[in-house]
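Single-structure report; data block below.
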Amino acid sequence: QVQLVESGGGLVQPGGSLRLSCAASGIIFPINTMGWYRQAPGKQRELVATITTGGTTDYADSVKDRFTISRDNTKNAVYLQMNSLKPEDTAVYYCSLYQFSRNSWGQGTQVTVSS
């Protein structure tokens, strides 16, 4: 079993920044992929960014050059630095850990971008 706990969401004005954090605990294989997904009201959950244990990253086109994903393998933690936020970034953001051919999910943290 894997537990993921996110933190760092909140309300921010357009153009502002937020940093999300996620800590994983439980049975964690040394090689895995951690990431962030988001789900806006009435929309499907979508990939935001992922990062492998080795540091290879992947981003959705909509967040490239604005968001940066990073991780600390010693802490089983993943982070998402979000800059130049837009109203369309408003969503619940979910942390994920992919290992053994399955995804585990956190409970989600709300990010609202509004003036």
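The values are calculated or read from the model by the stated rules, or taken from the named source; none is laboratory data. Since this is a predicted model, take the numbers as computed values, not measurements. Glycine gets a Cβ as well: all are built from the backbone with ideal geometry, and neighbour counts include every protein chain shown. Just the protein is used for accessible areas: all its heavy atoms, side chains included, with ligands, DNA and RNA removed. Shrake-Rupley method; radii C 1.70, N 1.55, O 1.52, S 1.80 Å.
Find out how many positive minus negative residues lie around Arg45, taking Lys and Arg as positive, Asp and Glu as negative, among other residues whose Cβ is under 15 Å from that of Arg45.
Taking every other residue near Arg45 into account, the sum is -1.
Where does the Debye-calculated log10 I(q)/I(0) of the chain sit at q = 0.19 Å⁻¹, using only Cα point scatterers of equal weight, no solvent?
Values, matching the q order: -0.93.
Suppose all protein chains stay in the model; what accessible area per residue would a 1.4 Å probe give for the chain, in Å²?
Working: 6190 Å² over 115 residues.
Normalised by residue count, the accessible surface of the chain is 54 Å².
Under a cut-off of 16 Å between alpha-carbon atoms, report the aspartates and glutamates in cross-link reach of Lys43, not counting same-chain residues fewer than 8 places apart.
Qualifying aspartates and glutamates at Cα under 16 Å: Glu88, Asp89.
Quick check: net charge around Gln107, other residues with Cβ under 14 Å of its Cβ, Lys/Arg +1 and Asp/Glu -1?
Residues near Gln107 contribute +1 overall.
So, with +1 on the Cβ of K and R and -1 on the Cβ of D and E, and no other charges, what is the size of the charge dipole of the range 61-115 about its Cα centre, to the nearest 20 debye?
That gives a dipole near 180 debye.
Which of the aspartates and glutamates could be linked to Lys86 by a straight reach, that is with a Cα gap under 16 Å, when you skip same-chain ones fewer than 8 residues away?
Lys86 reaches Asp61, Asp65.
Treating only the Cα positions of the range 53-93 as identical point scatterers, give the base-10 log of I(q)/I(0) from the Debye formula at each q in 0.16 Å⁻¹.
-0.47
Please work out the C-alpha center-to-center distance from the range 1-36 to the range 53-115 and express it in whole Å.
Measuring centre to centre over Cα atoms gives 6 Å.
Using a 1.4 Å probe over the heavy atoms of the protein chains, calculate the carbon and sulfur portion of the accessible area of the range 1-65 as a whole percent.
Carbon-and-sulfur percentage of accessible area, whole number: 52.
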